[in-house]
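The structure appears right after this line, and notes come after that.
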DNA sequence: GCTTTGACACTAA
DNA sequence: CTTAGTGCCAAAG
């Protein structure tokens, strides 16, 4: 039995490039409501290389937080590189970029 | 094995 | 729009 975190990582890897997912939906996709545990798992960051943490955002459309290098700024930069426009911590056309499982 | 914590979500005012 | 309060669950200590 994989741990919750491992399942989350696995799901996150299924998110196509140029798309994002939310903590809530991600948690739900692994049959749990532990959206908080998802973020916690990211920060625990067991596998920073394989896991595109920057593709995980809040359900409200905000980018949320980030613990890598430059914090949220770096996260936004990465999102933009995927083709997602971000304006002041808010994702433009967020619903368009959300990947639904 | 119990307590605290957190990269969140939702509702109400 | 903002603040405040409540709920949620796994991981760390």
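Here are some notes:
- For segment A:48-90, the set of residues classified as outside any loop (DSSP other than H, G, I, E, B) and within 12 Å of DNA strand B (Cβ to nearest atom) consists of A:53, A:54, A:55, A:56, A:57, A:62, A:72, A:74, A:75, A:76, A:78, A:79, listed by residue number.
- Restricting attention to segment A:12-33 and to residues that are away from DNA strand C (no atom under 13 Å from the Cβ) and in a helix (DSSP H, G or I), the residue that is modelled with the lowest pLDDT turns out to be A:29.
- Scanning segment A:11-48 for residues that are farther than 25 Å from residue A:90 by Cα and without any contact (Cβ under 8 Å) to a residue 12 or more places away in the chain returns a single hit, A:31.
- Hits in segment A:91-101 (condition: in a loop (DSSP other than H, G, I, E, B) and within 21 Å of residue A:13 (Cβ to Cβ)): A:99, A:100, A:101
- Restricting segment A:41-52 to residues that are over 11 Å from the mean Cα position of the chain (by Cα) and more than 15 Å from DNA strand C (Cβ to nearest atom), the residue that is nearest to residue A:15 (Cα to Cα) is A:50.
- Exactly one residue among A:80, A:55, A:69 is more than 18 Å from residue A:101 (Cα to Cα), free of Cβ contacts under 8 Å to residues at least 60 places away in the same chain, away from DNA strand C (no atom under 15 Å from the Cβ) and touching a strand residue (DSSP E or B) at 6+ places or on another chain (Cβ under 9 Å), and that residue is A:80.
The values are calculated or read from the model by the stated rules, or taken from the named source; none is laboratory data. The structure presented is a predicted model; accordingly, all values stated were derived computationally and were not measured. Don't worry about glycine lacking a Cβ; one is built from the backbone with ideal geometry, like all the others, and counts go over all protein chains shown.
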